[in-house]
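Any read-out appearing in this document is the output of simple, stated calculations on the displayed coordinates, not a laboratory observation. These numbers come from a predicted model, not from an experiment. Cβ placement follows ideal geometry from the backbone for every residue including glycine, while neighbour counts extend to all protein chains displayed.
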Amino acid sequence: MAESATGNDAGALVLFSGGQDSATCLAWALDRFPRVETLGFDYGQRHRVELDRRAALRRGMTALDRSWWRRLGRDHTLDLGALGEISDTALTRESEIALERDGLPNTFVPGRNIAFLTFAAALAYRRDLRHIVGGMCETDYSGYPDCRDDTIKALQVALNLGMERRFVLHTPLMWLDKAQTWSLAEELGGRALVDLIVEESHTCYRGERGERHAWGYGCATCPACDLRARGFTRYLAARAD
């Protein structure tokens, strides 16, 4: 268990989409901070079903650990529909997922994480929360530039200057692959947390929850499902060694 932060600035706000990564980040924050709130964004994403999974994940986590129940506070959802309206991507339109000529997948929503973290900081300012936790990752990812460590560090500087606060942006998954993310979930909450994430979280870009796989629900063919499935297979193999 991580050493708990203390003091008046010890509260944390977790960017909580309802997916595997954000669920793991929520467990990480609950293990570390005495007061934790969550924030989701509705931006017209085609996999909006992920937002519907958040309540079950929150309930499940508080049932796993009484200290987590005491620490988990309010949930917030912000409407960022304008982001979806100006984004012509496979996450905000019914179009096939493919690579663009610049090498980025057309699931990249320009400015999404920058907008998310900016609005999160504005909410954290009002809620008197110093720590902001996101599931950005530069290891197993699709090349999104707003997931890179340099982007997050630069944004932390900009937010602190622009809001005259000392926010700390945490990205506990930044240097982990998906197998290590599954392992981190087990380290934080045991196999019960892994099972909860498998059953209740949603990662599939197409928003499909019809078929249940060993790693959870999804189409099994989009990049998000592929990463999640391959990571789960490697996690199980490492666990068996």
Which percent, to the nearest 5, of DSSP beta bridges fully inside the chain are antiparallel? 15
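Rounded to the nearest 20 debye, what is the charge dipole size of the chain about its Cα centre when +1 sits on each Lys and Arg Cβ and -1 on each Asp and Glu Cβ?
Details: 31 positive and 34 negative charges, 138 e Å.
Charge dipole, the chain, about its Cα centre: 660 debye, nearest 20.
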Once amide H atoms are built 1.01 Å from N in the peptide plane, which residues 5 or more positions from VAL133, or in another chain, come under 5 Å H to H? LEU13, VAL14, LEU15, HIS170
Here region 12-21 yields Karplus 3J(HN,Hα) values (6.51, -1.76, 1.60; θ = phi - 60°; whole Hz; Gly and Pro given as x) of 10, 10, 9, 6, 10, 8, x, x, 4, 5
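For a protection proxy built on the mean count of beta-carbon atoms within 10 angstrom, sort 227-238, 148-159 highest first, please.
Numbers: 227-238: 17.8, 148-159: 15.3.
Taking the mean over residues of other Cβ atoms within 10 Å, the ranking is 227-238, 148-159.
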By the mean-Cβ-within-10 Å protection proxy, highest first, 71-79, 57-65, 177-185 rank as 177-185, 57-65, 71-79
When you take every Cα atom in the chain, what is the radius of gyration, and what is Dmax, the widest Cα pair distance, in Å? 17.0, 50
In order over region 153-165: 3J(HN,Hα) from phi, Karplus 6.51/-1.76/1.60, θ = phi - 60°, whole Hz, x for each Gly or Pro, gives 5, 5, 5, 4, 4, 5, 5, 5, 5, x, 10, 6, 10
Taking amide hydrogens as modeled 1.01 Å from N in the peptide plane, which residues meet the under 5 Å criterion relative to HIS213, leaving out close sequence neighbours? GLY218
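Obtain the radius of gyration and the Kirkwood radius of region 138-241 from its C-alpha atoms and give Rg over Rh. Kindly include the intermediate steps, with their values, before the conclusion.
Values: Rg = 16.2 Å, Rh = 15.3 Å.
Expressed as Rg/Rh, it is 1.05.
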Could you list which residues have their amide H under 5 Å from that of GLY40, counting only those 5 or more apart in sequence or on another chain, with H placed in the peptide plane? PHE16, HIS76, THR77, LEU78
